[in-house]
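Accompanying notes for the structure given below.
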Amino acid sequence: MTETVTREAGASDTLVGGLLETCLYAADLEAAEAFYGGVLGLSRVARVAGRHVFFRAGPSMFFVFNPAATREPTPGATLPVPTHGATGPGHVCFRCTALDAMRARLEACGHPAEADFRWPNGARSLYVRDPAGNSVEFAEPALWGC
């Protein structure tokens, strides 16, 4: 059973101002960088070989971590960042208003659409798999009323 909690319009007690960063996991960071940087055109911000590659995605940051490198504490780390990781395919959704152009680019680069449809509210989503098998969605902002 799914429970939906609705809030009164205008009511807010959150201190959260939005997503600053999100991440997926991929063992092959070179393939991930070729997909997210080369195919999608995200600007690379940082890279540590074998551990992670970071991209700018609009006003947010998008990280791809090698799960084998983040499940254990980093030797000699100077910051107390907790360990993390995931098993199995993850999901991320990028805001996109040019879905036909995105689909053409993805297919030209060997990434066929897994799904392409309109939601009940009329907003469109396009799904592909990245080289690590993660589900990557591109959706019109109207999907969530944005």
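The values are calculated or read from the model by the stated rules, or taken from the named source; none is laboratory data. Source: prediction; values computed, not measured. Every residue, glycine as well, gets a Cβ built from its backbone with ideal geometry; the counts of neighbours run over all protein chains shown.
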### Query
Which residue pairs have Cβ atoms under 6 Å apart, sit 6 or more places apart or on different chains, and have a first residue in the stretch 47-65 that is basic (Lys, Arg) and a second that is buried (at least 18 other Cβ atoms within 10 Å of the Cβ) and assigned to a strand (DSSP E or B)?
ARG47/VAL53
#### Entry: ASP13 being in contact (Cβ under 8 Å) with a residue 24 or more places away in the chain and of a type in the set (Asp, Glu)
no
### Query
Here are some conditions: (1) among the polar types (S, T, N, Q); (2) surrounded by fewer than 11 Cβ atoms within 10 Å (Cβ to Cβ); (3) touching a strand residue (DSSP E or B) at 6+ places or on another chain (Cβ under 6 Å). ASN134 meets all but one. Which one does it not meet?
(2)
### Residue list for the stretch 10-53, restricted to those being within 22 Å of CYS96 (Cβ to Cβ) and basic (Lys, Arg)
ARG44
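Quick test for you: out of ALA98, ALA86, ALA113, pick the one residue that is at pLDDT 95 or above, surrounded by 12 or more Cβ atoms within 10 Å (Cβ to Cβ) and of a type in the set (Gly, Ala, Ser). I'd like the intermediate steps shown before the answer.
Details: ALA98 fails: surrounded by 12 or more Cβ atoms within 10 Å (Cβ to Cβ); ALA86 fails: at pLDDT 95 or above.
Unique residue meeting the criteria: ALA113.
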### Message
Suppose we filter the stretch 117-131 for residues that are surrounded by fewer than 13 Cβ atoms within 10 Å (Cβ to Cβ) and either touching a strand residue (DSSP E or B) at 6+ places or on another chain (Cβ under 6 Å) or among the charged types (D, E, K, R) (or both); how many remain?
### Response
1
### Query
Since GLU72 meets every condition but one in (1) closer than 21 Å to PRO131 by Cα; (2) exposed (fewer than 11 other Cβ atoms within 10 Å of the Cβ), which condition does it not meet?
(1)
### Task
Taking CYS96 as the residue in question, decide whether it is touching a Phe, Trp or Tyr at 6+ places or on another chain (Cβ under 7 Å) and not small (Gly, Ala, Ser).
yes
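Evaluate the following for THR74: is it among the hydroxyl-bearing types (Ser, Thr, Tyr), part of a loop (DSSP other than H, G, I, E, B) and more than 19 Å from the chain's Cα centre (by Cα)? Spell out how you get there, then give the answer.
Working: among the hydroxyl-bearing types (Ser, Thr, Tyr): yes; part of a loop (DSSP other than H, G, I, E, B): yes; more than 19 Å from the chain's Cα centre (by Cα): yes.
When the stated conditions are applied, THR74 passes them.
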